[in-house]
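The values are calculated or read from the model by the stated rules, or taken from the named source; none is laboratory data. As the structure is a computational prediction, the values presented were derived from the model and not from experiment. Every residue, glycine among them, receives a Cβ derived from its backbone with ideal geometry; neighbour counts consider all protein chains shown. Quick note on the areas: whole protein, heavy atoms, side chains included, nothing else; ligands and nucleic acids left out. Shrake-Rupley method; radii C 1.70, N 1.55, O 1.52, S 1.80 Å.
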Amino acid sequence: CSKLLSDTTVIQFYPSKFVLITDILDTFGKLVYERILSMCMDNRVSLPDNFSPESVNDTAKETCLNWFFKIASIRELIPRFYVEAAILKCNKFLSKTGISECLPRLTSMIRGIGDPLVAVYARAYLCRVGMEVAPQLKESLNKNFFDFLLTFKQIHGDTVQNQLVVQCVEIPLYLTLYSPAIDWILQCIAYHAPDVLLTEMMERCKKLGNNALLLNSVMSAFRAEFIAARSMDFIGMIKECDESGFPKHLLFRSLGLNLALADPPENDRLQILNEAWKVITKLKNPQDYINCAEVWVEYTCRHFTVGGNYFLQSIIQKVITYIYDFALLFSVEKFLPFLDMFQKESVRVEVCKCIMESFIKHQQESTKDPVILNALLHICKTMHDSVNALTLEDEKRMLAALINGFIKMVSFGRDFEQQLSFYVEARSMFCNLEPVLVQLIHSVNQLAMETRRVMKGNHSRKTAAFVRACVAFCFITIPSLSSIFTRLNLYLHSGQVALANQCLSQADAFFKAAVSLVPEVPKMISVDGKMRPSDAFLLEFLCNFFSTLLVVPDHPEQGVLFLVRGLLNVIQDYTWEDNSDDKVRIYTNVLHLLSAMTQEAFIYHVDKVDSNDALYGGDSKFLAEINKLSETVVSQILDHLKTLGKEETLKRQSQLALYFFNTILAHGDLRNNRLNQLSVNLWNLAQKHGFADTKTMVKTLEYIKRRSKQPEMSHFTDLALRLPLQSRT
């Protein structure tokens with residue numbers, strides 16, 4: 001195997017061949033050493049690690065000498081050198097100075113190797129073995145390197161050039177074959193070496209012409225602090241190098257790697273960057289440009305915070321302007337670490353916003369790609385974690401909108417459990433942005449309804465448990481929201497979803513929570529940064545709530561219309577504004593609900609849920625309860641109308657009287673004499689003080705007359721005769 005190391009007929013393969021063969025040599029050397037060591041055992045007690053040659057018995061010494069004599073008889077230089085170097089450690093069995101005497105001799109032997117590439121790898125192997133068996137004998141290693149410097153000119157000699165022509169190998173490629181060996185030699189020398197020695201070696205390199213190869217290895221092997229402190233000297237040396245031999249951009253890349261680890265003198269930093277960038281910007285090969293630029297980007301960020309951030313931000317913006325394949329983009333190993341290079345949080349957040357905006361704009365289809373999801377969760381978490389007490393509301397809204405855009409784009413198809421798991425993870429990550437929590441609740445409700453659609457309303461045990469898990473997610477998330485109307489609407493919405501999925505007890509829990517929350521509604525709420533009365537918003541919510549309560553079946557243990565009664569008690573106790581008539585409007589809507597509940601079959605139902613029309617079947621006791629409630633509500637409305645008898649409130653009284661009249665007209669049975677008389681009284685009250693709109697009154701009367709011509713509506717004729725029109729005069 002060692003003989004093969006003299007063969008350079010396929011020169012590009014030589015470094016790989018060296019590694020494979022020296023691995024065999026290392027194994028051989030280890031086996032020889034362990035065999036001789038085992039011969040030194042006395043009464044099954046092995047020698048200590050720091051044994052002396054005097055402790056070694058004659059048999060072991062004789063075997064060891066035999067090995068060295070056998071090796072000395074090998075005629076070819078290269079195999080003799082490698083095999084002896086492989087068992088160099090065995091000199092410990094013979095004498096204390098054996099290794100220190102052999103190293104210089106082996107170093108001198110390498111001078112007899114004519115091919116510079118073979119010679120440099122032989123030196124590298126000797127350095128590696130020497131550092132392993134005698135790290136204190138660095139003088140021999142230094143001599144090894146200085147010998148290499150003396151023969152360095154051979155690389156550019158005619159013999160080598162002719163060999164390269166035959167093998168069709170360019171000089172830049174040939175020089176890269178030296179790098180592993182020279183790097184290793186220099187690393188061995190530089191290990192714990194004083195600055196004086198490193199400076200001496202650097203000076204010797206300077207004296208050699210066309211020394212780009214050496215220079216690159218020096219920058220790779222020496223300590224980053226040593227290189228950084230002399231960065232301008234290295235730039236001067238790089239400038240003097242011949243471009244044809246070893247590319248300058250690789251030299252600048254090696255320099256940049258050091259300067260990313262250690263700081264150069266502060267006064268030189270800008271000049272260093274300018275010199276490097278002059279070379280980098282002239283590169284025409286994209287791969288060369290990227291390899292070099294990425295290193296100096298880190299240098300820029302480390303030493304020029306503002307400019308560096310701007311530079312990095314510009315790079316990201318350019319990338320996302322032209323790359324819309326986010327799976328490809330995020331699979332780049334360095335992409336997310338690249339984002340972490342932004343030292344200023346505000347700039348990092350701006351970059352994350354740019355990425356999210358591009359994703360939402362250009363991602364055409366929903367995704368479940370784990371590469372995309374993990375990357376965007378990291379980016380969204382960065383945006384979310386930037387929110388603090390000083391963050392403006394507009395900024396919060398923008399961040400929430402971007403995160404919501406991402407959440408909407410995530411779909412695991414029919415894997416609903418995985419989808420819910422994603423929403424649970426998102427809730428824990430984005431808990432400080434209320435609009436995101438709202439979106440997650442809506443998304444989970446949508447997931448429950450999608451499950452219902454897939455199962456066509458007939459849930460199995462598994463899907464029933466799943467929709468209950470969705471409902472539980474919403475129930476425990478809603479209380480964490482600060483906006484009271486958001487909570488009210490979500491309780492109502494989630495209750496409707498629970499009802500649609502036949503989760504009746506869960507639906508009741510949502511509706512009870514909504515009822516108990518109504519008393520907490522403040523008189524004024526903030527809307528778009530301005531304080532506004534809350535009455536109109538509460539009226540709108542309650543009207544929606546009443547529409548839902550029609551189809552909610554009574555709980556068997558809670559009594560007739562327990563939710564309606566509870567809501568009426570809350571409305572009664574709520575403190576309304578003195579100049580507001582919303583309480584009466586709410587009561588009027590309650591009458592709409594109670595009227596619908598008296599029907600034999602309700603006007604709408606929830607599929608597979610039995611409402612009160614099916615539960616009670618028009619039972620007289622049920623109807624009596626509704627009538628009793630209706631009378632109470634009507635009484636409350638009339639009491640309020642009486643309080644509006646003062647001159648300054650007569651117009652409101654007129655409007656409310658007509659509003660109540662229209663409710664009775666639409667929902668009441670006017671064959672009932674009491675109700676008929678009440679409607680006439682309300683008509684007259686609306687016109688009593690001249691505040692009624694004549695056109696409205698005329699149109700209302702015309703409507704009644706048209707209704708009277710319909711079948712079973714003859715009683716409307718009598719009503720029309722009892723409703724006079726009064727002029728304003």
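Would you list the helices (runs of 4 or more DSSP H) that sit entirely within region 502-611 and hold 1 or more residues that are under 21 Å from Asn489 (Cα atoms) and at pLDDT below 90? Before the answer, list the steps.
Values: elements: 504-517, 535-549, 562-573, 582-597.
Fully inside region 502-611 and qualifying: 535-549, 562-573, 582-597.
Give region 595-640 a look and list any residue that's closer than 30 Å to Arg453 by Cβ and of a type in the set (Ser, Thr, Tyr), or say none. Give the steps one after another, and end with the answer.
Kept after step one, since they are closer than 30 Å to Arg453 by Cβ, are these residues of region 595-640: 596-597, 599, 601-615.
Tyr604, Ser611 - these are the residues of region 595-640 that are closer than 30 Å to Arg453 by Cβ and of a type in the set (Ser, Thr, Tyr).
Among the candidates Tyr616, Tyr587, which residue alone is open to solvent by 40 Å² or more (accessible area, probe 1.4 Å), of a type in the set (Phe, Trp, Tyr) and outside the structural domain of Ile664 (by the TED database)? Can you show your working first?
Details: Tyr587 fails: open to solvent by 40 Å² or more (accessible area, probe 1.4 Å).
Answer to the check: Tyr616.
From Ser534, Ser505, Ser480, grab the single residue that is among the hydroxyl-bearing types (Ser, Thr, Tyr) and farther than 30 Å from Leu392 by Cα.
Values: Ser534 fails: farther than 30 Å from Leu392 by Cα; Ser480 fails: farther than 30 Å from Leu392 by Cα.
The unique qualifying residue is Ser505.
Taking only region 17-63 into account, find how many residues are over 60 Å from the mean Cα position of the chain (by Cα), part of a loop (DSSP other than H, G, I, E, B), surrounded by 15 or more Cβ atoms within 10 Å (Cβ to Cβ) and not β-branched (Val, Ile, Thr).
Result for region 17-63: 1.
Checking Glu600 against (1) more than 47 Å from the chain's Cα centre (by Cα); (2) closer than 21 Å to Val518 by Cα, which test does it fail?
If we test Glu600 against (1) more than 47 Å from the chain's Cα centre (by Cα); (2) closer than 21 Å to Val518 by Cα, just (2) comes out false.
Which of the residues belonging to region 153-186 are in a loop (DSSP other than H, G, I, E, B) and open to solvent by 80 Å² or more (accessible area, probe 1.4 Å)? Before the answer, list the steps.
Narrowing region 153-186 to residues in a loop (DSSP other than H, G, I, E, B): 157, 168-170, 177-178.
Hits for region 153-186 are Cys168, Glu170.
Is one or more of the residues making up region 449-461 of a type outside the set (Phe, Trp, Tyr), within 26 Å of Phe537 (Cβ to Cβ) and in contact with a helix residue (DSSP H, G or I) (Cβ under 7 Å, 6 or more places away or on another chain)? Quick ask: steps written out before the conclusion?
Of the residues in region 449-461, the ones of a type outside the set (Phe, Trp, Tyr) are 449-461.
Still in the running and within 26 Å of Phe537 (Cβ to Cβ): 449.
Now drop any that are not in contact with a helix residue (DSSP H, G or I) (Cβ under 7 Å, 6 or more places away or on another chain), which leaves 449.
Yes, because at least one residue in region 449-461 is of a type outside the set (Phe, Trp, Tyr), within 26 Å of Phe537 (Cβ to Cβ) and in contact with a helix residue (DSSP H, G or I) (Cβ under 7 Å, 6 or more places away or on another chain).
Is there any pair linking a residue in region 58-74 that is assigned by the TED database to the domain that holds Leu94 to one that is of a type in the set (Asp, Glu) and open to solvent by less than 70 Å² (accessible area, probe 1.4 Å), with Cβ under 9 Å and at least six apart or on different chains, and which?
From region 58-74, the pairs are Phe68/Glu84; Ile71/Glu84; Ala72/Glu84; Ile74/Glu84.
Test Thr107 against the criterion of being open to solvent by less than 20 Å² (accessible area, probe 1.4 Å), modelled with pLDDT of 85 or more, assigned to a helix (DSSP H, G or I) and not aromatic (Phe, Trp, Tyr), and give yes or no. Step through it out loud before you land on a result.
Numbers: open to solvent by less than 20 Å² (accessible area, probe 1.4 Å): yes; modelled with pLDDT of 85 or more: yes; assigned to a helix (DSSP H, G or I): yes; not aromatic (Phe, Trp, Tyr): yes.
Criteria met by Thr107.
Can we say Lys92 is under 30 Å from Asp7 (Cβ atoms), assigned by the TED database to the domain that holds Tyr125, among the charged types (D, E, K, R) and not in a loop (DSSP other than H, G, I, E, B)?
On the way: under 30 Å from Asp7 (Cβ atoms): no; assigned by the TED database to the domain that holds Tyr125: yes; among the charged types (D, E, K, R): yes; not in a loop (DSSP other than H, G, I, E, B): yes.
Considered against the rule, which asks whether it is under 30 Å from Asp7 (Cβ atoms), assigned by the TED database to the domain that holds Tyr125, among the charged types (D, E, K, R) and not in a loop (DSSP other than H, G, I, E, B), Lys92 comes out as no.
Looking only at region 355-387, filter to residues that are over 19 Å from Gln313 (Cα atoms) and not in a helix (DSSP H, G or I); which one of those is most open to solvent (accessible area, probe 1.4 Å)?
Gln364
For region 140-192, which positions are within 30 Å of Ser100 (Cα to Cα) and out of contact with any helix residue (DSSP H, G or I) (no Cβ under 8 Å at 6 or more places or on another chain)?
Of everything in region 140-192, those that are within 30 Å of Ser100 (Cα to Cα) and out of contact with any helix residue (DSSP H, G or I) (no Cβ under 8 Å at 6 or more places or on another chain) turn out to be Leu150, Lys153, His192.
Scan region 1-47 for residues that are among the acidic types (Asp, Glu) and in contact (Cβ under 8 Å) with a residue 12 or more places away in the chain and jot them down.
As a first pass, look at region 1-47 and keep what is among the acidic types (Asp, Glu): 7, 23, 26, 34, 42.
Scanning region 1-47 gives Asp26, Asp42.
For the structure I just gave you, tell me whether Ile476 is touching a strand residue (DSSP E or B) at 6+ places or on another chain (Cβ under 8 Å), closer than 24 Å to Ala514 by Cα and open to solvent by 10 Å² or more (accessible area, probe 1.4 Å). Can you show your working first?
Numbers: touching a strand residue (DSSP E or B) at 6+ places or on another chain (Cβ under 8 Å): no; closer than 24 Å to Ala514 by Cα: yes; open to solvent by 10 Å² or more (accessible area, probe 1.4 Å): yes.
No, not satisfied.
Let me confirm something: among Leu561, Leu499, Leu538, Leu504, which residue is out of contact with any Asp or Glu (no Cβ under 8 Å at 6 or more places or on another chain), open to solvent by less than 10 Å² (accessible area, probe 1.4 Å) and in contact (Cβ under 8 Å) with a residue 40 or more places away in the chain? Quick ask: steps written out before the conclusion?
Numbers: Leu561 fails: out of contact with any Asp or Glu (no Cβ under 8 Å at 6 or more places or on another chain); Leu538 fails: out of contact with any Asp or Glu (no Cβ under 8 Å at 6 or more places or on another chain); Leu504 fails: open to solvent by less than 10 Å² (accessible area, probe 1.4 Å).
That would be Leu499, the only listed residue that is out of contact with any Asp or Glu (no Cβ under 8 Å at 6 or more places or on another chain), open to solvent by less than 10 Å² (accessible area, probe 1.4 Å) and in contact (Cβ under 8 Å) with a residue 40 or more places away in the chain.
With the condition kept exactly as written, say whether any residue in region 689-701 is closer than 24 Å to Asp639 by Cα, in contact (Cβ under 8 Å) with a residue 24 or more places away in the chain and open to solvent by 60 Å² or more (accessible area, probe 1.4 Å).
yes
Can you tell me how many residues within region 398-446 are under 18 Å from Asn489 (Cβ atoms) and surrounded by fewer than 15 Cβ atoms within 10 Å (Cβ to Cβ)?
Total meeting the criteria: 1.
Exactly one condition in (1) surrounded by fewer than 18 Cβ atoms within 10 Å (Cβ to Cβ); (2) under 19 Å from Lys705 (Cβ atoms); (3) of a type in the set (A, V, I, L, M, F, W, C) is not met by Leu650; state its number.
Of the numbered conditions (1) surrounded by fewer than 18 Cβ atoms within 10 Å (Cβ to Cβ); (2) under 19 Å from Lys705 (Cβ atoms); (3) of a type in the set (A, V, I, L, M, F, W, C), the odd one out for Leu650 is (2).
Among the listed residues Gln636, Gln710, identify the single one that is open to solvent by 20 Å² or more (accessible area, probe 1.4 Å) and outside any helix (DSSP H, G or I). Working first, answer last.
Numbers: Gln636 fails: outside any helix (DSSP H, G or I).
Within the list Gln636, Gln710, the selection yields Gln710.
If you take the residues in region 78-104 that are farther than 26 Å from Val160 by Cα and among the hydroxyl-bearing types (Ser, Thr, Tyr), which one is surrounded by the most Cβ atoms within 10 Å (Cβ to Cβ)? Please lay out each step first, then the result.
Kept after step one, since they are farther than 26 Å from Val160 by Cα, are these residues of region 78-104: 83-104.
Next, from what is left, pick out any that are among the hydroxyl-bearing types (Ser, Thr, Tyr): 95, 97, 100.
Numbers: Ser95: 13, Thr97: 10, Ser100: 15.
Step by step, filter region 78-104, then rank; the result is Ser100.
Test each condition in (1) surrounded by 18 or more Cβ atoms within 10 Å (Cβ to Cβ); (2) within 14 Å of Phe148 (Cα to Cα); (3) at pLDDT below 80 for Ile189 and report the one that comes out false.
Failing condition for Ile189: (3).
For every residue, the table says whether it meets (1) in contact with a Lys or Arg (Cβ under 6 Å, 6 or more places away or on another chain); (2) assigned by the TED database to the domain that holds Leu149; (3) modelled with pLDDT under 80; (4) more than 30 Å from Ile355 (Cβ to Cβ).
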{"position": "Arg269", "(1), (2), (3), (4)": "no, no, no, no"}
{"position": "Lys278", "(1), (2), (3), (4)": "no, no, no, yes"}
{"position": "Val297", "(1), (2), (3), (4)": "no, no, yes, no"}
{"position": "Arg302", "(1), (2), (3), (4)": "no, no, yes, no"}
{"position": "Phe311", "(1), (2), (3), (4)": "no, no, yes, no"}
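Condition check: modelled with pLDDT of 90 or more, open to solvent by less than 10 Å² (accessible area, probe 1.4 Å) and over 27 Å from Ser38 (Cβ atoms). Does Arg75 satisfy that? Don't jump to the end; show me each part of the working.
Numbers: modelled with pLDDT of 90 or more: yes; open to solvent by less than 10 Å² (accessible area, probe 1.4 Å): no; over 27 Å from Ser38 (Cβ atoms): yes.
In short, no.
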